1. What number goes with the only condition from (1) under 31 Å from the mean Cα position of the chain (by Cα); (2) more than 26 Å from residue 477 (Cα to Cα) that residue 661 does not pass?
2. Would you mind finding the one in 662, 679 that is open to solvent by 10 Å² or more (accessible area, probe 1.4 Å), touching a helix residue (DSSP H, G or I) at 6+ places or on another chain (Cβ under 6 Å), on the phi < 0 side of the Ramachandran plot and among the aliphatic types (A, V, I, L, M)?
3. Can you go through 693, 673, 638 and tell me which one is crowded, with 16+ Cβ neighbours inside 10 Å, under 22 Å from residue 474 (Cβ atoms) and among the basic types (Lys, Arg)?
4. Can you name every residue in segment 459-475 that is within 28 Å of residue 56 (Cα to Cα) and either under 13 Å from the mean Cα position of the chain (by Cα) or open to solvent by 10 Å² or more (accessible area, probe 1.4 Å) (or both)?
5. With (1) among the aliphatic types (A, V, I, L, M); (2) farther than 17 Å from residue 87 by Cβ; (3) modelled with pLDDT of 95 or more as the list, and residue 459 as the residue in question, which single condition is left unmet?
6. Across segment 272-314, what is the number of residues that are surrounded by fewer than 22 Cβ atoms within 10 Å (Cβ to Cβ), small (Gly, Ala, Ser) and under 21 Å from the mean Cα position of the chain (by Cα)?
7. Which residues, taken from segment 501-523, are open to solvent by 40 Å² or more (accessible area, probe 1.4 Å) and either without any contact (Cβ under 8 Å) to a residue 60 or more places away in the chain or more than 30 Å from the chain's Cα centre (by Cα) (or both)?
8. Being under 17 Å from residue 644 (Cα atoms) and open to solvent by 20 Å² or more (accessible area, probe 1.4 Å) narrows it down to one residue among 543, 550; which is it?
Amino acid sequence: MMLLHIESLSREVTKSQLLGFLNSVPGMAGRSVGRIDLWAGKAVIDIPDDWQVRLVKALDGRTLGGRRVRVWAESPGSASDNGDSHFEQLANLLELEHQEEAREAVERGRRLSYADAERSGTSLVDLVIADEDTGLGGRHILQLAKCKRSPLPWTRLGVGSPIVLSPDKGQGAVQYRGVICQRAEGFLRVALGHMSDDLAEYETWRLDLSSDEVAMQRQQAALQRVRLAQAERLAELRDILLGKRTPEFDPEQEEPVLDAGLNETQRQAVRFALAARDVALLHGPPGTGKTTAVIELIRRAVRRGDKVLACAPSNLAVDNIFERLLDAGERVVRLGHPARVTADLRAHTLDLLVEAHPDVKLARKLVKEAMGKFRQAGRYTRAKPVPGSRQEIRQEAKDLLADARRLEAQAVEHILDNADVLCATTTALGNEVLGRRRFDLGVIDEACQSTEPGCWVPVLRCDKVVLAGDHCQLPPTVVSREAAAGGLGVSLFERLMLLFNGSIARQLTVQYRMHQAIMDFSSREFYEARLQADTSVCAHVLADLPGVGAGCATERPIEFIDTAGASFDEEVEPDGESRLNRHEAALVCSKVQGLLDCGVAACDIAVIATYAAQVRLLREQLPVPGLEVDSVDGFQGREKEAVIISLVRSNPRAEIGFLQDVRRMNVAMTRARRKLLLVGDSATLCAHPFYRRMIDYFDTLGAYRTVWEEDDTV
C-alpha cells in the first residue's frame, strides 16, 4: 500500500467524505482503501499500489468541504536516503523554538507586573474600544486607545504584529486573535478574524504579542513534504540543496538590461542567476544594491515568460520588493493578511483585489439573499407551512451560498492567473489559496534572516530558486538556546555558501551608502577588502547636508570615544537580565545634542545600543521627536546619515557577552552614511581580537579619542 497525504482540510470533514473524495476519481470506486487517519486538518490514507500518481494528479488543488486541499503521496519506508536526519533535526529544532516562544510568553505574563508588561514592549494595557468597523477583506476592525486617551507608550507592537486581545486585569477568559493594521500616536487598529457580541461586557482590554501558530505549522509541513518527495522536481532540488548533486548552469546570455543604472557587478550577478538551472546565491553586502539586482532578476525572468514567486522573511522586506515591482509596471499581486501590508499598497493585495472583483460583488449579494432565506425558513408562522417547504427554502439558501463560493474561487483564480509575480512572506504561502500552483522561479530576498525551515516553504513550489542576502550580517532570530546550538540559527543561504564554497554565489561590490572610512573596516573584516565606495558617497559628510554647520562633529566621518578608566561601569537592569551603562548613556545623549545643535535633523540620527536595557534607558533620556533609538536587530536593513553606537560592556573581567558575534557590529557600523560614532570601553572590548583591530583602525585614521578629552563628560 502507498500513503496518500491530504492537507489543509476543514476540521468538519469526515472519513466518509474523504472516501467519497477518492472515489470521485474515475476507476477508483470499488478499489481497496485501507486505514484513514484524520486529525488537525490532515489525513493520511492507505491507497492501492500504483495509484498515487493518478490520485495526486486528479485531487491535488481540488476543493473538499469548502477548502482547497493539498494532496501528495509517499511510499512507506522509501525515504531512507532523502536526508531524513537533516529534516528531522530541523523539525525537532523548530519544535524546540516554538515551545520556548510559548514558555517565554507565559513566563512574561507571570513575571511582569501590570505596569511592567507595557514597559517590556510586547503588551499594551488599559485600552478601550474607541471605534468599530469592517474592512480589509471583510475583517472586523477595532480601534483601541488608552482609557484616558493619552498617547500610546513605546511598544514593539507594530503594523503586522500578530496579537491576542483579551479583557484587562483578569476580567474574563475570552481571547481574540488578530493582526495590528494601523498604529498612530494615540491609537492603534487591529483586524480580527471574528468578533462576537460580548465586547460590550468588558470595559478595558489588553493586547499581547502572539506567536504565529500557522507559520510554524506550515514550516513543519514543508519539512515533512520535502523529506518524503520522490520522482519529482522537489526531490531533485532537495538532493542539490543537501549537496548530493551538483547545481547546473546554462551559458550566460547577454540580454537587454531593464535598469540602466545597474553597475557591472549587479549585471554579472543577474546574468549568473538567470543562467542557474537549480539554485544561485546573490551575496549583497551592506549598501550594494542587492534588492535593486533582485528586481532586475525578477523582471528579466518575467520577460522570458516565467512565473515568479518573490518572498522574504519579513513583511517590510516583501513590501519593498512589491512596491518597486509595481512602480516598474509589472503585473504583481501581494499575498497575505492586508493588515500586514503597508497601507499605500493594500489595494494591490489579493484580498482587496478579490473584494473589488465584479464576480465577488455578485457573490456578496447571493450571500445576503441566502441569509434572508435561512431566516425565512426559521421564522414562525401562524399558518401551518406546506410540508417540505422549509427544507426547500433552506436548500435554495445552500445553493446560493455554493454559487457565491464558486464565484469567489473564480475571482481568485482569475487574479492569480493574470499575475506574473506573486509576493509573500516565506511562511504566508498557504495551500488554501495557491492550491497546486507552481512557479518557474522562486526568489527569496533577505534569505539570511530566515531560518532554513522557513525557506523550504516557498522552495516546495518552485522549479529553481535564487537566494539573496548577506551571511556576514545578523543571522535569523532564534529564541531557544538549545535550538540555536543545534543549528536553527544557520540560514539556508549560509549553509549553501559553505557547502559549495561560494561557487554558486556572486557578490556585489560597489556600495552606495557609506563614506569610504566607514566602509573600509567592514570591507576588510568581512568581505576580503573587495567593497568599493561609489564616487557619489565615498567622501560625503554631515557638513555637506543643507543647513548643517561645519565643525569637527560634522566633518569627521568616524570617531571612537574610549571610556576605559573612567568608571563607566555596566550594570544589570533591575528586575531583568539585560545590561545598561548610565555614564555611557549620558555621553551618548551629549553627542546627540551636539549633532542637533549643528543643525543635523533628528530624523537623520540613529542611536543604536547593543543591549535592550540600554535602549530603554536612552529612550527615556532622549525624548526627541524623529530621533530613533533601537537595538542592532531593529536597524538591520536600514540606514541613517549619522549613527551613534553605545557598546555598553565595561567590566574588569573583560566579558563582552553576545558582542562576540561580530556580525552584530558589522550591521551596526554599516547603518551610517556620513557619520559613525562609537562609545565603548577598550579595556573590556580589546580582549576580543575583532574589537582590538577595530580600535586600531580608528586610531590609524586619527579617529580615536579618550573620554578624558571630552571636557563636558567627566
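The values are calculated or read from the model by the stated rules, or taken from the named source; none is laboratory data. Small disclaimer: the values here were computed from a predicted structure and weren't measured. Here the Cβ positions follow ideal geometry from the backbone for every residue, glycine too, while neighbour counts run over all protein chains shown. Calculation scope for accessible area: heavy atoms of the full protein, side chains included, ligands and nucleic acids excluded. Shrake-Rupley method; radii C 1.70, N 1.55, O 1.52, S 1.80 Å.
1. With respect to (1) under 31 Å from the mean Cα position of the chain (by Cα); (2) more than 26 Å from residue 477 (Cα to Cα), residue 661 is out only on (2).
2. The match here is 662.
3. Sole residue among the options that is crowded, with 16+ Cβ neighbours inside 10 Å, under 22 Å from residue 474 (Cβ atoms) and among the basic types (Lys, Arg): 673.
4. 460, 463, 464
5. It is condition (2) that residue 459 fails.
6. Qualifying residue count for the region: 1.
7. Answer for segment 501-523, where residues must be open to solvent by 40 Å² or more (accessible area, probe 1.4 Å) and either without any contact (Cβ under 8 Å) to a residue 60 or more places away in the chain or more than 30 Å from the chain's Cα centre (by Cα) (or both): 501, 503, 516.
8. 543
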